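The values are calculated or read from the model by the stated rules, or taken from the named source; none is laboratory data. Model, not experiment: these values are computed from the prediction. Cβ atoms come from the backbone with ideal geometry, glycine included; neighbour counts cover every protein chain shown. To get the accessible areas, we keep the full protein, side chains included, count just its heavy atoms, and leave off ligands, DNA and RNA. Shrake-Rupley method; radii C 1.70, N 1.55, O 1.52, S 1.80 Å.
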Amino acid sequence: MPDSTDFELSRRRLLIATAASAAAAAATKVSAQMPSNAQAAATGALPMMQVSFTVNGTARELTLDTRTTLLDALREHLHLTGTKKGCDHGQCGACTVIVDGQRINSCLTLAVMHEGGSITSIEGLGEPQDMHTMQAAFVKHDGYQCGYCTPGQICSAVAVLDEIKAGIPSHVSADLTARPQATALELRERMSGNICRCGAYSNIVDAMTEVAGRTA
């Protein structure tokens, strides 16, 4: 008669072998169903994806690593270097662009998330020979010093005035049911995410106030 200990060992080996076989079969099945990007990641290759969007009025199509930020897509792939990389953590606002009418920090969003979107960078607002009214106001009121943050400041300023026109309240809006006004307090609050290390804040507010007065 076989020893009971031998029986338990044989049973244990059988269960282990069965589990291992099932796991191997499942792994093979999952591997066969893995999308190409996942397979690429598993093998160390870059996961790529095609993305199409409109940038400054021009249709653009790129094949990108899915981890590419919108900021890097603009700067490194489309060579639109007006948009600046500052903190790369969404804290300084230097990378602000306008996407589908809303200002965003382009360092905090992936390019592939904006398939079919409309993106406006500083280059799309105006050129030296044909400046946007906000760009001209920044020049007039000396709304910059080193200029590094200026593209993000201007993109944000343009979007801020559109927010006020649309009646979107801010944290300092006294009456949430009333249409907000482009007061210095409102403008400073809305622009608080755009840092100017040179301290040109008062001049930036002056520039925005002038443009708001023209477009009211």
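Would you work out what percent of the accessible area of region 106-216, with all protein chains in place, is carbon or sulfur (probe 1.4 Å)?
Values: 3190 of 5760 Å².
The nonpolar share, carbon plus sulfur, comes to 55 percent.
So, R0 is 45 Å and r is the distance between the beta-carbons of ALA174 and THR63; what FRET efficiency does that work out to, to 0.05?
Details: r = 49 Å, r/R0 = 1.10.
Efficiency, from the Cβ-Cβ distance: 0.35.
Heavy-atom accessible area per residue, region 95-213, 1.4 Å probe: how many Å²? Can you show the working numbers first?
Numbers: 5920 Å² over 119 residues.
Result: 50 Å² per residue.
Give, in nm to one decimal, the length gained when the segment between HIS79 and LYS165 is fully stretched (0.36 nm per residue of separation minus the Cα-Cα distance).
Extra length from HIS79 to LYS165 when fully extended: 27.7 nm.
Using 7 Å Cα-to-Cβ label points, what is the MET113/VAL139 separation (nm, one decimal)?
According to this spin-label approximation, the distance is 3.5 nm.
On full extension of the chain, what length is gained from GLN91 through ARG197, given 0.36 nm per residue of separation minus the C-alpha to C-alpha distance?
Numbers: separation 106, 0.36 × 106 = 38.16 nm, distance 1.25 nm.
Length gained, GLN91 through ARG197: 36.9 nm.
Full extension from MET49 to MET131: what is 0.36 nm times the residue separation minus their Cα-Cα distance, to one decimal in nm?
26.0 nm
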